[in-house]
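Peer 1: Below you will find the structure I want to go over with you.
Values in this text are rule-based calculations from the coordinates and carry no lab data. The structure displayed is predicted, hence computed values, not measured ones. In this analysis, Cβ positions are derived from the backbone assuming ideal geometry, glycine residues included, and neighbour counts consider all displayed protein chains.
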Amino acid sequence: MEPYQRQPAASWPADSVPGARETVGEATSFLRRLIPFPGAETLTALPLLSSSGRGSGMQPVAAADAPSAAGQQVASIVSQAASILDEEMARGVLTASRAGAAPSRGYDDASNPLMRQVHELVDNIAAMWSRVENAQAPSYGSSQTTAGNAEPLADVRPRAAVKPGQRATISMRISNSENRPVRLVAAATDLLGSQGGRIASSLLEFTPAELSLEPGEQRDIAIAVTVPLEAAPGCYSGLLVVRGVDYLRALVTIEVL
Amino acid sequence: MAADTFEANLSGYRETTLEGLLSAVPQREPLRHLYGPLSSYLSRSGKGIRPALCLATCRAFGGDASEARASATAIEMLHNAFLVHDDIEDESDLRRGLPTMHAEHGIPIAVNAGDMLTALSVRMLRDNLPSLGLPLTWRVYDEFDHMMQESLEGQAMELGWVRDNRCDVTDEDYLRMVLKKTCWYSFIHPCRIGALIATRDQIDLDRFNRFGCYLGTAFQIQDDLLNLTGDERVYGKEIGGDLLEGKRTLMLIHLLRQLDAPEAVRVSTYLGQPRAERAGRDTRWILDLMRSRRSLEYARTVARQLAGAALFEFTRAFRGVPESDEKRFLQQVISFMVSRDV
């Protein structure tokens with residue numbers, strides 16, 4: 001199966017990438033030197049950490065546009081592009097699975113653990129997506145999910161459906177089953193509605209926005225979203241990724257009445 | 001790395017690719033109406049950025065570039081197939097400074113030639129088998145398959161907007177179309193395939209997606225700007241051709257948001273006409289509007305911002321990769337693509 005998994009919208013934690021700040025500094029200075037267009041000299045990098053997990057915390061800005069007619073539209077274009085990419089990647093995973101690409105590969109990849117995990121991920125998403133698309137009642141309503149090493153894709157959702165304008169919260173318990181400390185940052189794609197429409201990822205709030213776990217430690221992370229007033233009834237789903245460990249991915253589903 | 005070194009490296013990758021392209025074309029009948037025009041067309045040689053990305057990424061990740069050669073060449077072959085058909089769809093007369101395939105040989109011959117280029121590109125992937133083995137060859141095919149699907153879907157979006165004379169296309173629609181039409185096949189997959197081969201499928205290839213998405217979109221906007229404001233002799237295509245074709249570029253989408261009702265009607269009427277009936281006077285009027293309403297400025301600013309984001313994502317896509325000439329080349333691709341005039 002194709003590994004077109006989505007990238008998280010939020011950034012890596014700065015200290016999870018060795019020399020990240022130095023690299024950013026080098027990059028901006030490189031851009032100033034090499035890109036021969038107006039405004040490159042004013043390039044600045046935004047802070048490395050996203051404070052709310054809203055998905056655009058690590059984008060540099062060529063600040064020349066600030067006073068221009070382009071205005072705020074330009075300022076949002078990078079995060080808009082990233083959001084579309086995330087969405088297309090999530091769709092790609094689902095489409096690939098429906099196309100049955102894995103069985104037609106023509107060779108046995110069972111010996112490749114990475115590929116096996118990808119296949120499991122895709123199969124799980126596909127199974128859940130089909131439920132979402134058919135807008136059936138959730139077959140399991142637990143709003144609390146423990147995600148840990150080698151867990152299949154988790155399905156996280158609030159305990160009850162919500163109306164437009166109401167706030168939905170989901171609590172997840174995350175445990176670190178690795179033998180090293182990990183630092184985690186959560187992010188999600190837009191939630192796509194089964195009947196069309198979407199709930200923007202920027203409306204999702206993660207508390208805490210990041211957390212550190214010692215080996216064996218467990219902590220809760222809460223996802224809250226206020227459903228837009230104009231949201232049509234139906235199930236809205238997106239992919240959640242907790243950065244810091246590769247295996248923490250989940251399907252977030254909110255049912256709007 | 002100096003600009004001339006960059007150009008020299010790009011030229012080296014281009015020559016390697018051209019050799020592979022030409023050697024893949026059968027030298028047998030029908031020569032006059034198929035293989036002859038194909039060899040001639042491939043010899044024109046564009047910038048060659050796609051195979052360069054694939055080969056350089058393979059080397060940067062410690063791979064043997066010769067193992068990525070078939071895949072890099074297949075990507076360029078497919079690119080040429082797309083160009084032949086694109087020019088028919090867009091009714092373009094010039095490509096790389098010379099008549100388009102259909103302008104020179106007629107539409108039926110050109111359609112068939114484009115089909116053959118696609119067939120040859122897929123056939124080239126088979127050449128991976130001896131060096132890469134079946135599993136990796138199949139993985140490369142998976143990437144190629146996705147690349148083709150996305151590009152054709154993106155192309156359909158754009159053609160559909162023109163056919164339906166859509167004047168309500170948004171920036172978001174445009175970004176999605178460009179991601180599908182341009183970014184995957186021109187930037188994301190060439191890097192993914194290069195790294196896939198170098199690492200024997202041992203890294204998460206998604207690390208290249210944002211880099212390629214930002215760079216590809218910046219590239220496309222720059223391409224659209226050049227189409228309106230460039231030098232035809234340097235650019236190699238008709239200046240203003242996108243307007244004549246009714247393409248929904250970022251500048252046009254921006255302009256449509258700025259117009260009052262009578263202006264919007266006039267622009268919409270222009271876009272709804274067949275290409276041959278669009279008056280040059282109206283084309284110039286729209287171009288002037290794009291200047292006065294700052295649509296060109298808006299697009300330039302967006303391209304710059306995306307280039308900055310691409311540069312930032314470069315450091316993430318190539319994290320942990322030792323410094324090398326190839327890595328430096330890849331980094332400089334960003335400034336080249338956005339500051340180019342060809």
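Peer 1: To the nearest 10 degrees, how steep is helix B:189-199 against the longest Cα principal axis of chain B, on a 0 to 90 scale?
Peer 2: Tilt relative to chain B: about 10 degrees.
Peer 1: Taking every residue in B:166-179, how many Cβ atoms of other protein chains lie within 10 Å of its Cβ, on average?
Peer 2: The shielding value for this peptide is 3.
Peer 1: Give me the one-decimal Kirkwood hydrodynamic radius in Å for the range B:136-183, with the sum taken over alpha-carbon pairs.
Peer 2: Hydrodynamic radius (Kirkwood, Cα pairs) of the range B:136-183 is 11.6 Å.
Peer 1: Pairing the Cα long axis of helix B:295-317 with the longest principal axis of chain B, what angle in degrees results, from 0 to 90 and rounded to the nearest 10?
Peer 2: 20
Peer 1: With runs of 4+ DSSP H residues as the only contributors, calculate the mean residue ellipticity of chain B at 222 nm using -39,500 (n - 2.57) per run, divided by the residue total and rounded to the nearest 500.
Peer 2: Per the formula, -23500 deg cm²/dmol.
Peer 1: Ignore the peptide's own chain and count Cβ atoms of other chains within 10 Å of each Cβ in B:200-211; give me the average, rounded.
Peer 2: 4
Peer 1: Within 9 Å, Cβ to Cβ, of B:R275, how many net charges do the neighbouring residues add up to if Lys/Arg are +1 and Asp/Glu are -1?
Peer 2: My count for the surroundings of B:R275 gives -3.
Peer 1: Okay, next question. Amide H neighbours of A:C235 under 5 Å, counting only residues 5+ apart in sequence or on other chains, H built in-plane at 1.01 Å?
Peer 2: Those qualifying (amide H under 5 Å, at least 5 residues apart or on another chain) are A:S194, A:Q195, A:V256.
Peer 1: Mind listing the long-range amide H neighbours of A:R198? Cut-off is under 5 Å, sequence gap 5 or more, other chains count too, H placed in the peptide plane at 1.01 Å from N.
Peer 2: Residues meeting the amide H criterion: A:G193.
Peer 1: Can you give the average number of partner chain beta-carbon atoms within 10 Å of each beta-carbon in peptide B:293-301, as a whole number?
Peer 2: Averaged over the peptide's residues, the number is 5.
Peer 1: Count the lysine pairs in chain B that are 8 or more places apart or on different chains: how many have C-alpha atoms under 20 angstrom apart?
Peer 2: For chain B, the number of qualifying lysine pairs is 7.
Peer 1: Can I ask one more? In degrees between 0 and 90, to the nearest 10, how far off the longest principal axis of chain B does helix B:325-339 point, with axes built from Cα atoms?
Peer 2: With both axes taken from Cα atoms, the answer is about 10 degrees.
Peer 1: Follow-up. Just to be sure I understand the model, the point goes 7 Å from the Cα along the line to the Cβ. What's the resulting B:E323 to B:A261 distance in nm?
Peer 2: Distance between the two pseudo-spin positions: 6.3 nm.
Peer 1: Can I ask one more? Given the peptides A:178-184, B:286-292, arrange them by the average over their residues of other C-beta atoms within 10 Å, most packed first.
Peer 2: Packing order, densest peptide first, comes out as B:286-292, A:178-184.
Peer 1: Using Cα springs under 10 Å in a Gaussian network model of chain B, which residue among B:N128, B:N112, B:N227 shows the largest mean-square fluctuation?
Peer 2: B:N112
Peer 1: Counting other Cβ atoms within 10 Å of each Cβ, which trypsin sites (Lys or Arg not before Pro) in the range B:1-110 have at most 12 and sit in a DSSP loop?
Peer 2: Counting only loop positions with at most 12 other Cβ atoms within 10 Å, the trypsin sites (Lys or Arg not before Pro) in the range B:1-110 are B:R28.
Peer 1: Something else now. Highest first, please rank the peptides B:73-80, B:15-22, B:303-310 by the mean number of other Cβ atoms sitting within 10 Å of their residues.
Peer 2: B:303-310, B:73-80, B:15-22
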